[in-house]
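Notes for the one structure printed next.
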Amino acid sequence: MSWLLFVDLAEAKKKKEPPPPPQEWAMEEGMKAQCWYPPVFEGMAEGDRKLARQASLEAMKAQWLGQREDGVKFEDMVVDDVETVLLGRPQQIESIARANLELCKTHMKGGDVGPWASWLSALPGKLTEGECLQPLTYTLFDYLDIARSWQRPITLCKGDVAKLTATVKDRYRISDKGEWINVEGTAEKAIGADYPCNIEGCMIGMLVGRFVTEKGVETIFPIGAGTTFTAPENGEITWSINDTTWYDNKYFKSSTIEDRTAVTIEPGQ
């Protein structure tokens with residue numbers, strides 16, 4: 001093979017290679033509008049990479065909010081949530097930009113916009129899955145509402161130790177002619193599925209707690225005048241009176257002064 005023929009073949013092969021993908025607003029054959037083609041982030045200097053991520057986020061956000069006037073418009077609240085999550089996790093912008101491009105291209109070539117919208121709505125939950133953004137690092141004071149069930153949900157992160165205490169001097173009753181009791185409850189054990197807390201240590205009318213993990217696993221436990229609870233997973237803790245009905249509960253009142261049970265939750269040791 002002559003040197004000239006070798007060069008001709010090399011040039012022909014080079015011409016057949018597809019052009020590099022665009023790194024900007026562009027459209028391919030069969031698309032009705034442009035999509036954002038993110039740059040190749042790998043190999044960039046760190047400073048340039050940060051700027052490229054920010055540019056990609058701003059470009060995608062403009063399209064999601066309908067500012068491109070290409071028929072695409074998602075809910076403002078969803079876009080705000082996605083932006084907030086990505087600003088705290090800038091590395092994720094790279095993979096999100098690539099996934100967003102594929103969904104945009106599918107839609108611009110005639111596909112339904114529904115899968116794109118669903119993907120965007122689910123992003124905050126997927127990107128923060130397993131994370132806990134509100135650990136118990138503060139003390140909260142509240143008053144117990146004996147006229148309703150589970151109240152005042154407080155976020156706990158896995159491993160958080162919550163110390164719960166309640167005042168014992170304040171009295172209430174859980175039936176029209178019942179005895180006046182405090183958060184320790186009556187001397188009668190709560191037995192039966194009607195009571196929220198019916199395990200060992202749960203008394204009728206006492207203050208009890210409920211912890212529900214992000215996966216929906218529920219734990220109910222006695223509190224009384226005080227207890228500590230360690231969160232096995234991320235979730236929410238609430239409290240209530242261990243009762244089957246709440247409409248007839250009433251605080252003790254002397255003259256114009258009415259008792260009111262105070263509940264405190266704070267980080268434990």
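What follows is calculated from the coordinates using simple rules that are stated; it is not laboratory data. The model shown is predicted, which means the values in this text are computed figures rather than measured ones. With ideal geometry, Cβ positions are generated from the backbone for all residues, glycine too; neighbour counts draw on all protein chains shown.
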**Prompt:** Taking neighbour Cβ counts within 10 Å as the exposure measure, how do Met203, Met77, Met44, Met27 sort from fewest upward?
**Reply:** Met77, Met44, Met27, Met203
**Message:** Greater than 24 Å separation of Cα atoms is the criterion. Which listed pairs, Lys189/Lys215; Lys169/Lys189; Lys32/Lys61, meet it?
**Reply:** Lys189/Lys215
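How long are the three semi-axes of the equivalent ellipsoid of the chain, in whole Å, if each is the root of 5 times an eigenvalue of the C-alpha gyration tensor, listed from largest down? Please report the intermediate quantities before stating the final value.
Working: eigenvalues 780, 73, 52 Å².
Calculated on Cα positions only, the semi-axes equal 62, 19, 16 Å.
Roughly how compact is segment 64-201, stated as its Cα Rg over 2.2 N^0.38 Å to two decimals?
Numbers: Rg = 24.9 Å, N = 138, 2.2 N^0.38 = 14.3 Å.
Cα Rg divided by the expected 2.2 N^0.38 Å: 1.74.
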**Spacing of the two label points (7 Å from each Cα toward its C-beta) at Glu184 and Lys163, in nm** = 2.1 nm
**Asked** Relative to the Cα centre, what is the charge dipole magnitude of the chain, using +1 at the beta carbon of each Lys and Arg, -1 at the beta carbon of each Asp and Glu, and rounding to the nearest 20 debye?
**Response** 140 debye
**Asked** Which of these, Gly201, Gly185, Gly43, has the largest mean-square fluctuation under a Gaussian network model of the chain (Cα springs below 10 Å)?
**Response** Gly43
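Counting other beta carbons within 10 Å of each residue's own, what order do Arg148, Arg173, Arg260, Arg53 fall into, fewest first?
Values: Arg148 11, Arg173 18, Arg260 14, Arg53 22.
With the sparsest Cβ surroundings first, the list reads Arg148, Arg260, Arg173, Arg53.
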**Asked** Put +1 on the Cβ of each Lys and Arg and -1 on the Cβ of each Asp and Glu in the chain; which of Met77, Ser255, Thr238 then has its Cα farthest toward the positive end of the dipole?
**Response** Met77
**Message:** List the residue ranges in the chain for DSSP H helices whose C-alpha atoms run 18 angstrom or more along the long axis and whose Kyte-Doolittle average is -1.0 or above.
**Reply:** 3-16, 92-108, 114-127
**Prompt:** Semi-axes of segment 16-127's equivalent ellipsoid from the Cα gyration tensor, sqrt of 5 times each eigenvalue, largest first, rounded to whole Å?
**Reply:** 21, 20, 11
**Asked** Using alpha carbon centroids, what distance separates segment 192-269 and segment 62-80, in Å?
**Response** 44 Å
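Run the numbers on segment 140-267 and let me know its relative contact order in percent, using alpha-carbon pairs under 8 Å that are six or more apart.
On the way: 315 pairs, mean separation 54.7, N = 128.
The value is 43 percent.
Tyr247 to Thr128: FRET efficiency via 1/(1 + (r/R0)^6), r the Cβ-Cβ distance, R0 41 Å, to the nearest 0.05?
Details: r = 39 Å, r/R0 = 0.94.
That pair, Tyr247 with Thr128, gives E of 0.60.
Just need the Rg to Rh number for segment 140-267, please, alpha carbons only, Kirkwood Rh.
Values: Rg = 14.3 Å, Rh = 14.7 Å.
Here Rg/Rh amounts to 0.97.
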